[in-house]
Structure formats: structure tokens, C-alpha cells
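Heads up: the structure comes next, in C-alpha cells.
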Amino acid sequence: MKNFPRIPSGCSIVGIFNKQAKRFSGADILRAIRVMHDRSNGLGGGFAGYGIYPEYKDCYTFHLMYEGEASQHETEHFLEKHFIIERSEPIPTRPHPRISDVPILWRYFLRVKPRRVESFRGREGTASASSPQFCQVLEETTGEHCDERDFVVEQVILINRCINGAFVASSGKNMGVFKGVGYPEDIGEFYRIEEYEGYLWTGHGRFPTNTPGWWGGAHPFTILDWSVVHNGEISSYGINKRYLEMFGYHCTLQTDTEVIAYLFDLLHRRHGLPLQVACLALAPPFWKDLDGNAGAKGELAGALRQVYGSALLNGPFSIVVGYTGGVIGLTDRIKLRPLVCGERDNFLYLASEECAIREVCPAPDRVWAVKAGEPVIGQLEEGVQP
């Protein structure tokens, strides 16, 4: 059996964010990820861009991957039942000598049909007894009615779980994910990333250790406008997955990172935890560090560990999380994976290596290493609308 060198800190992650929502070319994220080429092994690369579809900013943009035409036909029939399709077209690509076995790549700009959400309330209109019934779980566990975003989450889960050969790469408004099997710089060229402009870009170069390299398993992972790129391993995946299933989420994409996107959606959007508190629940201090530290933060961390113990992310990780309002950088509690930040003017940069930041910003005003378990959160300036 051939011995492959193990690179314990492999995978590259990067994020570039403009706090005033000034849009810039995807060529910058491509340059940043390219200098970290050796952190990946050609089994996955991808990007998330925010603000890239201003002409359809009020539509949910679904990026789909299909293994065949039958999957596409079944999915489109499903979408027509629930959404008004404003536009449907192939995702633009160019031939690339190092990208092969490409699935059908399609994007849809969608609006939820009038009264469709109401028809799902009270369990009316659910697709079948085998459906995940995300909205039903929500209403039974919280007593709250599902809203439009819950309805969209349910449709994403239904497609991923129930339609063979169809995978939703992204489903947020005015954003999109471009990913596949290959080195990230090749994936970016394949998708013509440099032709898009956005105010937030994230990128990922993959070095899979425990899961297969396939198109749907490349990063970023998303739900609604949440996107996650991740370096490391989530050893608590099984516990996190079962916890999420209690709230109607279903993990189907064979990669631990999927749980992180759903946990941010659950803790922040559905449970209303501030981002700082949500991060504290995901990467809290050790119990031994809380003993004798009865300050307000210690009490909060202790309470979160009791309430959200099954949401805790165990194992080595560094992540960059994108959402409509900004970007989050977070590492595990010991910082077993690297993450560096930089700032200049209205830009915030996060990357596995400082060289990626200096590739696009040669003279940052400030560069610092993210502290273990302490998030760096960049948000749009007050009053700024993307």
C-alpha cells in the first residue's frame, strides 16, 4: 500500500470582506488561495461570493449540481411546485484541462409562491411521509409558525435527501457557491470567478482525510446565506448531527463541515443567540478553565455548555463563516489549526497563512493571530446595505 505523506494542518481557508459592501472582483480571492496551493491535494476547491447577483438580490439563488438529466427534471418539477422561477440557466464555466467529470451545473433565481408558506403550516401540504418535514419539527418543538426562510430550508433538505443525484450547493439571496473537485485555483478559473464582483468572498483548498473527494463534498457548505469553509476535523460530528436532527436538519453530504453551517443557522437565526454567544457555545472554554472563574463570561459559558453541550464542536478546526451581514473567523479551543487576520482601510482579511493576506494586501495596517476559541467578527458598517 502506497504511503501518502500526512499533512495534519492541511486545507487552506481564506476570506476577504469589505465593511462598506464595496464590491470587488473574485480575482482577489483566487490570488489569495493560489499561494496556499500546497495545503490542498486537488480533491476539492471552492468559493462563496456575496453581493454577486444585485439584479436578483431579492431572489433565493439556488446553485444545483446534477449527476444526470433525470435528476434535473425531477428537481425542476419540484421547484416549479413551490417557487416562481424568475430565471433558470447553466452556471457559466469554461473548459479547463485539469477539471473533469463535471456534473450538470445549473442556477435558479427563485421567489416563494404566494401562500405557499401558509400551506405548510399545521402540516398541510408536506410532500410525503418520508419527507424531513423541517417546518413540522419547528412548529412542534417551538410552537412557532415557520417563516419563509424555514420553508426554503425544508426544500433544500428535501432535494438533498430525496432526489437522487441532485445536490444544492447554495440557496441564499444575492450570493452563490462555486465548488468542485480540483485545486481551488483551477476550480476558480473553471467557474470564471474573476468575472463576478462581491463585497465578501471566501475560499477553500481541500485536503480530505476522512471523507471522499466529490463535487458535492467540496467546501463551502451552506444553508440560506450561511457558508462555511473549514480546516480540520469535527470529531463530534455524530453528536452534532443527531442534535441537529432533533430540530429537523438532516446531514446528507458526507462531510463533517455540513453540521457547522446548520449549527449557525439554528443558534443564531432560529434561537436568536448573538453571534458572539453562538461562537461561545460552539467553542466554549474547558470545564477546568471555568472552575474558579465565576465572572459573567464564565457563568455564561457554563450555562451554554449545559444547554448547548451537543452543539459543541470538538476536534481541531479553524473556520471562516460568511453571511449577508459579514464574516466570522473561529478556531477550536486549543487552536490546533491556524488562522490569521489582517486589516486595511475597510477590508478585513482572514486566512490560514499570512502570505495569502499579503498577496492581495501587501501592506496591511494590522496583522494578528486569532486567539484560540475567540471569534473575530467583521460586520457591515451601520446603515450599509449590500
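The values are calculated or read from the model by the stated rules, or taken from the named source; none is laboratory data. Computed from a predicted model, the values in this text were never measured in an experiment. Because the Cβ atoms are built from the backbone with ideal geometry, glycine has one as well, and the counts that use them run over all protein chains shown. Areas reflect the complete protein model, heavy atoms only, side chains present, ligands, DNA and RNA absent. Shrake-Rupley method; radii C 1.70, N 1.55, O 1.52, S 1.80 Å.
Let me know the shape class of segment 24-88, please: from the alpha-carbon gyration tensor, a ≥ b ≥ c as square roots of the eigenvalues, rounded when a/c is under 1.5, otherwise prolate if a/b is greater than b/c, or oblate.
On the way: a/c = 4.60, a/b = 1.60, b/c = 2.87.
In terms of gyration-tensor shape, oblate.
Which one of Ile334, Tyr56, Gly295 has its Cα pushed farthest toward the positive end of the charge dipole of the chain, where Lys and Arg give +1 and Asp and Glu give -1 at the Cβ?
Ile334
Mind checking the per residue accessible area of the chain for me, 1.4 Å probe, whole number of Å²?
Details: 15820 Å² over 386 residues.
Computed with neighbouring chains in place, this is 41 Å² per residue.
With +1 on each Lys and Arg Cβ and -1 on each Asp and Glu Cβ, how big is the dipole of segment 188-328 about its Cα centre, in debye rounded to the nearest 20? The partial results should precede the final answer.
Numbers: 9 positive and 13 negative charges, 86 e Å.
Roughly 420 debye, rounded to the nearest 20.
Quick check: at a probe of 1.4 Å, how many percent of the accessible area of segment 249-386 sits on carbon and sulfur atoms? Working shown, then result.
Numbers: 2790 of 5660 Å².
Of the solvent-accessible surface of segment 249-386, carbon and sulfur hold 49 percent.
For the chain, modelled as a Gaussian network with Cα springs under 10 Å, which listed residue fluctuates most, Ala48, Ala301, Ala261?
The residue with the greatest mean-square fluctuation here is Ala301.
Just check segment 256-300 against the gyration tensor rule for me: Cα atoms, a ≥ b ≥ c as the square roots of the eigenvalues, rounded for a/c under 1.5, and otherwise prolate or oblate depending on whether a/b exceeds b/c.
On the way: a/c = 4.46, a/b = 1.84, b/c = 2.42.
Oblate shape, in that a/c is at least 1.5 and b/c is the bigger or equal ratio.
Can you give me the % of accessible surface on segment 80-222 that is carbon or sulfur? Probe 1.4 Å, all protein chains present, nothing else counted.
Working: 2530 of 5720 Å².
Ligands and nucleic acids excluded, carbon and sulfur reach 44 percent.
Tell me, which cysteines of the chain are without a disulfide-compatible partner by the Cβ under 4.7 Å rule?
Unpaired cysteines in the chain: Cys11, Cys59, Cys162, Cys251, Cys279, Cys341, Cys355, Cys361.
I'm a student and want to see the number: the projected area of the Cα convex hull of the chain, averaged over all directions, in nm². Could the numbers behind the result be given before it?
Numbers: hull surface 79.4 nm².
Reported value for the Cα convex hull: 19.9 nm².
Can you give me the relative contact order of segment 211-289 as a percent, contacts being Cα pairs under 8 Å and 6 or more apart?
Values: 58 pairs, mean separation 22.7, N = 79.
Over segment 211-289, the number comes to 29 percent.
Which one, Ser25, Asn41, His250, is farthest towards the positive end of the dipole of the chain when Lys and Arg carry +1 and Asp and Glu -1 on their Cβ?
Among Ser25, Asn41, His250, the one farthest towards the positive end of the dipole of the chain is Asn41.
Rounded to the nearest 500, what is the chain's calculated 222 nm mean residue ellipticity when only DSSP H runs of at least 4 contribute -39500 (n - 2.57) each, over all residues?
Numbers: 12 runs with 106 residues, N = 386.
Calculated from helices alone, the mean residue ellipticity at 222 nm is -7500 deg cm²/dmol.
How big is the dipole moment of the chain about its Cα centre under a simple scheme where the beta carbon of each Lys and Arg is +1, that of each Asp and Glu is -1, and everything else is neutral? Debye, nearest 20, please. Don't jump to the answer; show the numbers that get you there.
Values: 40 positive and 46 negative charges, 108 e Å.
Result for the chain is approximately 520 debye, rounded to the nearest 20.
Per the Kirkwood treatment, what hydrodynamic radius in Å, one decimal, follows for segment 283-386 from the mean inverse distance over all distinct Cα pairs?
Details: mean 1/r = 0.0651 Å⁻¹.
Here the Kirkwood hydrodynamic radius works out to 15.4 Å.
Taking 19 Å as the cut-off for C-alpha to C-alpha distance, list the pairs among Lys288/Lys335; Lys113/Lys173; Lys19/Lys371; Lys179/Lys241; Lys81/Lys113 that go past it.
Values: Lys288/Lys335 17 Å; Lys113/Lys173 16 Å; Lys19/Lys371 22 Å; Lys179/Lys241 23 Å; Lys81/Lys113 8 Å.
In this structure, Lys19/Lys371; Lys179/Lys241 exceed 19 Å between Cα atoms.
About the Cα centre, and with charges only on the beta carbon of Lys, Arg (+1) and Asp, Glu (-1), how big is the dipole of segment 1-105? Nearest 20 debye, please.
Working: 13 positive and 12 negative charges, 179 e Å.
That gives a dipole near 860 debye.
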